[in-house]
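Report on the following structure.
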Amino acid sequence: MEPGLFVDNDMRKISVLFICLGNICRSPMAETIMRRYLVEAGLDGCVEVDSAGLESYHNGDRADSRMRAHAARRGYEITHISRPMRGCDWEQFDMIIGMDTQNMRALEQRAPSVAHTKKLSRMTNYCDRFMFEEAVPDPYYGGEEGFEYVIDILEDACTGLMAELRRKL
Ligand code: 4NP
């Protein structure tokens with residue numbers, strides 16, 4: 001038997017949903033980084049990742065062209081298509097991770113029960129290098145440097161999240 005198959009069968013699956021406002025910048029970037037880290041770690045069969053927006057303004061759209069361009073400079077391709085968060089996401093996902101304080105407030109308000117709020121966490125809580133940051137800042141109305149900064153924070157947070165997932169698996 002291939003060693004990978006044994007590990008996969010023995011490990012439980014964890015599902016992670018990244019949330020931001022529009023689901024065209026921060027959360028699809030987080031999802032894309034996480035997919036790469038999971039593949040590199042051989043854990044892509046154990047963790048399912050997706051992203052969604054709190055608002056449906058960009059439902060059906062590709063990620064913001066600026067976010068895709070900055071991602072491409074670091075070798076990432078964002079293929080996600082924007083979708084709003086759905087009620088069933090609360091049941092379907094084990095971890096629901098918001099990008100900023102506004103996201104966290106909205107998620108806490110929308111959670112169907114107190115038990116569901118236990119699935120929530122804030123992306124910057126997984127940071128090490130950027131542990132002083134309380135939020136992944138919204139880059140939408142800002143300049144190019146904002147998109148680079150989003151990727152810097154998200155790569156740091158995804159590294160911390162990988163460590164957390166290894167503990168949970
Ligand atoms: P995101 O960024 O929440 O990181 O996807 C935004 C995208 C769109 C808008 C705001 C933030 N908007 O107002 O359309």
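The values are calculated or read from the model by the stated rules, or taken from the named source; none is laboratory data. As the structure is a computational prediction, the values presented were derived from the model and not from experiment. Every residue, glycine among them, receives a Cβ derived from its backbone with ideal geometry; neighbour counts consider all protein chains shown. Just so you know, the surface numbers come from the protein's heavy atoms only, side chains and all, with ligands and any DNA or RNA stripped out. Shrake-Rupley method; radii C 1.70, N 1.55, O 1.52, S 1.80 Å.
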In terms of modelled amide H atoms, which long-range or inter-chain residues lie less than 5 Å from the amide H of VAL47? ILE14
As a check on your grasp of the helix formula, calculate [θ] at 222 nm for the chain: sum -39500 (n - 2.57) over DSSP H runs of n ≥ 4, divide by the residue count, round to the nearest 500. -13500 deg cm²/dmol
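Could you report the chain's accessible area per residue, 1.4 Å probe, as an integer in Å²? Don't skip to the answer; put the middle values down first.
Details: 8570 Å² over 169 residues.
Result: 51 Å² per residue.
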DSSP H helices in the chain with Cα extent of 27 Å or more along the helix axis and mean Kyte-Doolittle hydropathy at least -0.5? 144-168
Using 0.36 nm per residue of separation minus the Cα-Cα distance, give me the extension gain between GLU91 and ASN59 in nm, one decimal. 9.4 nm
Between the DSSP loop rule and a limit of at most 15 other Cβ atoms within 10 Å, which GluC sites (Glu not before Pro) in region 23-78 are left? GLU55, GLU77
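I'd like the chymotrypsin sites (Phe, Trp or Tyr not before Pro) in region 76-169 restricted to DSSP loop residues with at most 10 other Cβ atoms within 10 Å, sorted by number.
Working: sites: TYR76, TRP90, PHE93, TYR126, PHE130, PHE132, TYR140, TYR141, PHE147, TYR149; in loops: TYR76, PHE93, PHE130, PHE132, TYR140, TYR141.
Here the chymotrypsin sites (Phe, Trp or Tyr not before Pro) that fit, given the DSSP loop and packing criteria, are PHE132, TYR141.
What percent antiparallel are the DSSP beta bridges of region 14-168, to the nearest 5? Please list the in-between numbers first.
Numbers: 1 of 16 bridges.
Looking only at bridges with both residues in region 14-168, the antiparallel portion is about 5 percent.
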Binning every alpha carbon pair distance of region 42-122 at 5 Å from zero, what are the percents per bin? 3, 13, 20, 21, 21, 15, 7, 2, 0
Please give me, ordered by residue number, the trypsin sites (Lys or Arg not before Pro) of region 93-169 that lie in loop per DSSP and have at most 13 other Cβ atoms within 10 Å. LYS118, ARG129
May I have the extent of the alpha carbons of the chain along their three principal axes, as whole Å values ordered from largest to smallest? 51, 40, 34
